[in-house]
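Note sheet for the following structure.
The values are calculated or read from the model by the stated rules, or taken from the named source; none is laboratory data. Treat the numbers as computed from the prediction; the structure is a model and nothing was measured. Ideal geometry is used to build each Cβ from the backbone, glycine not excepted, and the neighbour counts take in all protein chains shown. With ligands, DNA and RNA removed, areas are computed over all heavy atoms of the protein, side chains included. Shrake-Rupley method; radii C 1.70, N 1.55, O 1.52, S 1.80 Å.
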Amino acid sequence: MKELRLILFAVLLAFAAVACSCSSDRSEDEGSVLHRGIGTEPESLDPQKARTTQAGDVLRDIGEGLVGYSATGELVPAAAEEWTVSDDGRTYTFSLRPEARWSNGDPVVAGDFVFAWRRLVDPKTGAFYAQFLADVANAEQIIEGEEPPHALGVEAVDDRTLVMRLERPAPYILSLLTYPSTFPVHPGSVAQHGDSFARAGNLLSNGAYVLEQWTPGSALSIRRNEHYWNNGETAIDTVKYHVIVQNTAEVNRYRAGELHITSNVPPDMFQQLKQQYPDELRIAPTLGVYFYGFNLSKPPFKDNPGLRQALSMAIDRDMLAEKIVGRGELAAYSWVPPYVQNYEPPVFSFATLTQEQRNTIARRLFAEAGYGPDNPLRFELRYNTNDTNRRIAVAIQSMWREVLDVETTLVNEEFQVLIANVRAAEITQVFRSSWIGDYDDANTFLSILQSGASSNSPGYASDKFDSLMKQAAEQPDLERRRWFLEEAEREMLADHPVIPLYFWVSKHLVSQEVSGWGDNVLDYHYSQHLSLSATR
Amino acid sequence: MSLLEVDNVSIRYGDNTVVDDVSFSIDRGESVGLVGESGSGKSQTALSILGLLSRQARFSGRIRFDDVELDKATEEQLNRVRARRIGMVFQDPMQALNPYLRVGRQLRAVLRCHELATAAECDARVMEMLERVGLPDAQRQFRAYPHQLSGGMRQRVMLASALIAGPDLLIADEPTTALDVTVQAQILELLEEIRDDTALLLITHDLGIVAGHCERMLVLESGRLVESGPTTAVFAAPQHAHTRALLAAVPRIDRVDIPPPATGQSILGVDGASVSYRERGKQRLQAVKGVNMSLRCGETIAVVGESGSGKSSLVRAMLGLVPMESGRVVYAGTPLEGPVERRAREHRRDLQLVFQDPASALNPQMRVRNIVSEPLLVHEPGLSARARLKRVNAALEQVGLADEYLLRYPHELSGGQAQRVAIARALILGPKVLFCDEAVAALDVSVRQQVLDLLQRVQADTGLSIIFISHDLAVVRSISHRVLVLYMGRLLEVADNAALFSHPRHPYTSALIDAVPVPDPVVAPKKAPLRGEVPSLLNPPPGCVFHPRCEHAREVCSATLPPMRDIAGTRVACHRADEIDLSR
Amino acid sequence: MLRYTLLRILGAIPTLLLVIAIAFMMVHAAPGGPFDDDRALPPAIEENIKRYYHLDEPLPKQFLRYLSGLVRGDLGPSYVHVDYTVNELIADAFPRSLKIGALAMALALLAGLGAGTLAALRHDSWLDRVVMAISMTGISIPVFVFAPILVLLFAVKLNWLPAGWTSSSGVSRYLLPVVTLALPQIAYIARLTRASMIDVLQRDFIRTARAQGLGTMNVVWLHALKPAMLPVLSYMGPAIAAILTGSIVVEQIFGIGGLGHFFVNGALNRDYTVVLGIVVFYAALIVFLNLVVDILYGAIDPRVRYR
């Protein structure tokens, strides 16, 4: 009797202790707090080491590069006040803002950028996006390990002036400089904290907010950076990013009023949410393409453009985009999305035909390739496990069967496994993939199909394409460059190394309390542009 | 007005009526015995008084206790009656006490739940009660768990728990059946002492106990009350046939035809047998030490002893079921060595064993036919199925079971029938020596006699030699030629049947005989002949193992081991055997 | 007792070693690595990273390196969460998982024992059937089905409780995760208790207790509960393991950054050190808790104690 009473008492005590235990997750609730869902957790807030879009979202709030974007997606000066470009387009001179400060009050100097960029290309750092500075003089050699990092073509003439020299004119380089990989870091902080400088309490910020607290796996919160040069324009005091991996869980939190902004919208709830929250559901085209790639190193797709074209034509993209995916995506008849700035992509020759007509031609091409009832075509279609992917694969499988009588075996694999297989290019035949553009320029899509590019998943190698791309890279004049790029794409499309299916859209639920939200193709939403109408 | 009145009580389970229209009453302070064989409904009647029947029971009738109508009482009211006004003691204290709780706790709970003592006084009162029931070291036993106590001590604890709240009526359901006979005597004596003016309803199958301790008696047969009246009257002039049958079947030590001593050669000899057990990391336990014995052809030797005497260990060692530490067993001239698996086939065939509980000795999934023929499959595999069947039939005939039993399963047999099947199985190979380990202990009195008769018949027909283990002296008296008395693994006395009972030479033997309740109400029950309990086998007393409890002990008894001597044909191990006279 | 405990702990070491070895092999056998992504790394950088993390060494050498770090208590750096070491991640995540797990276990025991006892006392009545039916659904319906339902009901519709862990800092955020985690265990423990209690209630000493007029509540509390709990206690070992694994789903649904979350994400991202670190941790935990269970068994059943 006594023992059991003791146990009960102990249990009650435990409950009480837990209840009263002030968890370390409490943030300062003074001022306005914006709750954003971030989806998967940023793996690192070290600007040079981070590689996910989620990390980029947070980094854009707590850091600032030479240039940035406005709420409507226009390139604007950020840490740099102004800049000049040489006539050959290969030398840029940046003047930094004198009032730019780190969160500890230190001024932001050109040397901080130099330090960061050298760090980016230094092989020892192991940065994923070292390639971003590939156009800077000596960058590639440094990455290969042939030159030391301080050979990089960037120099701090004085504290306020930064000079950047390029290997070739790269008109898009400014949009690259909005990317967090090129953000500066405080050299003293890195020297002091070493590998753990990117943590709450250590991380110095030159952006609108400072990292206040980070509980791995749960949430991180950022607080207004009083030293930010534009702090007066920042409306929201604290932003809390919640790590919620499951889309449906995130939507539930939103509906319960716990989130202002979600990072995504689950596909199967789309219609329902469209009806329930028509003004809060924000869909906008974004720089991404969903495609199927061919393994060009092995039969049956090696050296067989006619077959590839047949397969590409037999797909009813409109139906796919509207009915199967159905969230406002745009069917893809080109590789580069049509809303990229300063670019009008060429489209497939069959873009204007009806699907019936396409099917007829497809059949003819198919027969010409030597396939038919006595020589049936069988291959595997691989995709990573995901509901949408499966639905699309099943739909396309039936389209191919109906139109061309092709037997497609669907193989679904875990993401990592698929990646490994695609890179090995041994067993893959047709595989699902996607590519997200890093900056608002056609080059970000076209460059990966150059022969030898590390992300060239089909293994496309066309001398003509490569040569056109090279020529484009050497053009300082934007119009002429554009012509070369469009030619390159036209050339590539005719080869059908890939089957682009549709272009991505960004999907968010944004509460009506939030204002300042601007839809843009890069899907960048800086917290400093947002404000809350009511304090929660 | 009587204290308890039971009127027309009937208890049914489905179609089965276990108690049929029973009526009786008990006055204050009276002691009443409720007698019957197994299945007669005695326990059910008792349980119904306290409302402890299982949910499937259908009860009808009326039970009045003092001012409470028990049959109509709510659970609340019943709880106020239980323990406080009616206490109950059950048969097997090992099962009836909670093995997970300390003894003191369990008793304390009774007091506290009935709010008879404050927390402060509680322990003192419990301790007091434990001392009253004769526990030697109440402090220690208060904190002990039931499995740490001996059987006798546990039953004392049970008594304590039943009487601690001071009830007016004590119901005791077979309170001593699971105990050794000397301990039984102590407990019965204790019961008399301690109950003061509490009425007693004593349920038992042992007419000796009823004769000695109950003023009135009730006889149940198949749920019906067939006889009731003062004990002396019923014994003297039983009215009902069943009562007469019961009385006739009671084995008595004093008036019985005993078999004459056997002659013939020795067929089995044991020389200095010792058996000990040792668990890993624990002390060695000496179960048997230095036992000599020889068995003649056609003879029945009874091995008598209480718990811890080593009788089962001795028999198992002889059969090769446990290793013998030292000594030898010689059968028909050849020594029997090694575990039973390695012995010669003839040896295994010639020595057979019958156990106490036929229900667990027979495979419940085998039919009688298969059970009895199993030994043939091992020892005479060449037999055809038909030949086997013939042998099975012969064996069953030998034990008095008809053909119809061939296809039955053990659960379809009564206790007596099952034991006969076990005996048939043992006899089918025509063994020369049959070991019976308490073979009739689990049987009803009337059935018991039949089985004993059967054994004697087989012995007469085939010259079978029998080693018969028993704690029941009355049974021993009726079938054995010679008797071995064991105590704590030592052989104390070996004598002819007649000599042993008329003139025992060892004080222990004498005490054993005195402890058996005499089924004659005219004869006053003797005082419990032995105090205390069998000491722990891990720590045997020096010298003569019996000396701490012996009223004839002298200094020499604690100093040296008594040698085995022969006195007038009886072998006895006692220093003072020639000085003391235990004849009766 | 002390000797017994020490022997058990020593005996657990080979088991742990085996677990680590198997986990190590499995983790490295999965295709793909921690640095694989849609976007491929430049080869020079990839080489460099691999060298830095010793991923270019032969597997046995990597294993020995890992073990030597383990002996020093160093579980290595995380390959994905590059700003943290595995020790730090576990030290941060474990107390959270522990609190929720322990609360869930306590709730499961209390509710399970209570419901099972109730069902046993009234067995074959309608109450018994209802309790058993509810427990059956608790066992059959997977966590990831009824957890979102609970969230929809209590958080979205009724707004009584937060839908996510990070949305509040008080007691209320424990409620849904703890209940979700506990529900299948409550069901299981209720069934176990019921069967065991029915069995115990048939025993002779219960009849004695009833004959002593103790009344049902006292009989159950004083006499029946301890022995009836023994099978439940034996179940505790696997139950704890189940809570640890069940926490994975719960953590995903409620956004709790606990061990389960890091375990799954680590596996998916091929973050070898995180996965191995958590495996080692879980294994040691389970071994330890099983030992505690055994000791508790002895506390309840005195006959086991005096071995």
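What the table below lists for this structure:
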| item | result |
| --- | --- |
| Only one of B:D123, B:D92, B:D66 that is among the charged types (D, E, K, R), over 25 Å from C:G298 (Cβ atoms) and without any contact (Cβ under 8 Å) to a residue 60 or more places away in the chain | B:D123 |
| Condition check for B:G51: crowded, with 20+ Cβ neighbours inside 10 Å and of a type in the set (G, A, S) | yes |
| C:T117 being modelled with pLDDT of 90 or more and under 25 Å from C:A242 (Cα atoms) | yes |
| Enumeration of residues in segment B:19-48 that are open to solvent by 30 Å² or more (accessible area, probe 1.4 Å) and of a type outside the set (K, R) | B:D20, B:D21, B:S23, B:S25, B:D27, B:E37, B:S38, B:G39, B:S43, B:Q44 |
| Subset of segment A:33-86 [away from chain C (no Cβ under 14 Å) and in a loop (DSSP other than H, G, I, E, B)] | A:G63, A:E64, A:G65, A:L66, A:S70, A:A71, A:T72, A:G73, A:E74, A:A78, A:A79, A:S86 |
| Residue ranges of helices (runs of 4 or more DSSP H) in segment B:170-283 with at least 1 members surrounded by fewer than 15 Cβ atoms within 10 Å (Cβ to Cβ) and small (G, A, S) | B:231-236, B:241-249 |
| Unmet requirement for B:E404, which otherwise passes all of (1) of a type in the set (D, E); (2) over 18 Å from B:G430 (Cβ atoms); (3) open to solvent by less than 70 Å² (accessible area, probe 1.4 Å); (4) more than 24 Å from the chain's Cα centre (by Cα) | (3) |
| Residue that is nearest to the chain's Cα centre (by Cα) [pool: residues in segment A:165-196 that are open to solvent by less than 10 Å² (accessible area, probe 1.4 Å) and within 14 Å of another protein chain (Cβ to nearest Cβ)] | A:S181 |
| Answer residue from segment A:204-217, given it is open to solvent by less than 20 Å² (accessible area, probe 1.4 Å) and more than 9 Å from every other protein chain (Cβ to nearest Cβ) and is farthest from C:I253 (Cα to Cα) among those | A:N206 |
| Pick from segment A:387-438, criterion among the hydroxyl-bearing types (S, T, Y) and surrounded by 20 or more Cβ atoms within 10 Å (Cβ to Cβ), ranking: nearest to the other protein chains (Cβ to nearest Cβ) | A:S433 |
| Cβ pairs under 6 Å, 6+ apart, first in segment A:348-376 and within 23 Å of A:M492 (Cα to Cα) and in contact (Cβ under 8 Å) with a residue 24 or more places away in the chain, second open to solvent by 20 Å² or more (accessible area, probe 1.4 Å) and hydroxyl-bearing (S, T, Y) | A:F348/A:Y333 |
| Selection status of C:A228, at pLDDT 90 or above and within 14 Å of chain A (Cβ to nearest Cβ) | yes |
| Residues of segment B:431-465 that turn out to be closer than 25 Å to B:T263 by Cβ and part of a helix (DSSP H, G or I), as a count | 11 |
| Looking only at segment C:165-175, and only at residues there that are part of a helix (DSSP H, G or I) and within 9 Å of chain A (Cβ to nearest Cβ), the one that is surrounded by the most Cβ atoms within 10 Å (Cβ to Cβ) | C:W165 |
| When residues of segment B:369-392 are limited to those that are free of Cβ contacts under 8 Å to residues at least 12 places away in the same chain and part of a helix (DSSP H, G or I), the one least open to solvent (accessible area, probe 1.4 Å) | B:A387 |
| Positions within segment A:364-386 being modelled with pLDDT of 90 or more and either assigned to a strand (DSSP E or B) or open to solvent by 70 Å² or more (accessible area, probe 1.4 Å) (or both), in sequence order | A:R364, A:E368, A:R378, A:F379, A:E380, A:L381, A:R382, A:Y383, A:N384, A:T385 |
| Qualifying residue in segment C:90-97 (condition: within 30 Å of C:V279 (Cβ to Cβ) and β-branched (V, I, T)) | yes |
| Selection from segment A:98-133 of residues that are surrounded by fewer than 19 Cβ atoms within 10 Å (Cβ to Cβ) and assigned to a loop (DSSP other than H, G, I, E, B) | A:P98, A:E99, A:N104, A:G105, A:D106 |
| Residue among A:N252, A:N304 that is farther than 20 Å from C:S169 by Cβ and polar (S, T, N, Q) | A:N304 |
| All positions within segment B:77-101 that are among the charged types (D, E, K, R) and within 8 Å of chain C (Cβ to nearest Cβ) | B:R80, B:R82, B:R84, B:D92 |
| Candidate set: segment A:245-277, residues that are over 23 Å from A:R390 (Cα atoms) and in contact with an Asp or Glu (Cβ under 8 Å, 6 or more places away or on another chain); chosen: the one surrounded by the fewest Cβ atoms within 10 Å (Cβ to Cβ) | A:H260 |
| Residue match in segment C:35-57 (condition: within 14 Å of another protein chain (Cβ to nearest Cβ), under 25 Å from the mean Cα position of the chain (by Cα) and open to solvent by less than 80 Å² (accessible area, probe 1.4 Å)) | no |
| Every pair of residues 6+ apart whose Cβ atoms lie under 9 Å, when the first sits in segment B:531-544 and is touching a residue at least 40 places away in the same chain (Cβ under 8 Å) while the second is assigned to a loop (DSSP other than H, G, I, E, B) and hydroxyl-bearing (S, T, Y) | B:E533/B:S150; B:V534/B:S150; B:V534/B:S307; B:V534/B:S309 |
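Residues checked against (1) within 12 Å of chain A (Cβ to nearest Cβ); (2) open to solvent by 30 Å² or more (accessible area, probe 1.4 Å); (3) without any contact (Cβ under 8 Å) to a residue 60 or more places away in the chain:
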{"position": "C:V220", "(1), (2), (3)": "yes, no, no"}
{"position": "C:A239", "(1), (2), (3)": "no, no, no"}
{"position": "C:T245", "(1), (2), (3)": "no, yes, yes"}
{"position": "C:E251", "(1), (2), (3)": "yes, no, no"}
{"position": "C:I256", "(1), (2), (3)": "yes, no, no"}
{"position": "C:A283", "(1), (2), (3)": "no, no, no"}
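Results for (1) surrounded by fewer than 23 Cβ atoms within 10 Å (Cβ to Cβ); (2) within 10 Å of chain A (Cβ to nearest Cβ); (3) in a helix (DSSP H, G or I), shown as yes or no for each residue.
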site	(1), (2), (3)
C:S135	no, no, yes
C:F144	yes, yes, yes
C:N159	yes, yes, no
C:A163	no, yes, no
C:P177	no, no, yes
C:T180	no, no, yes
C:A190	no, no, yes
C:R194	no, no, yes
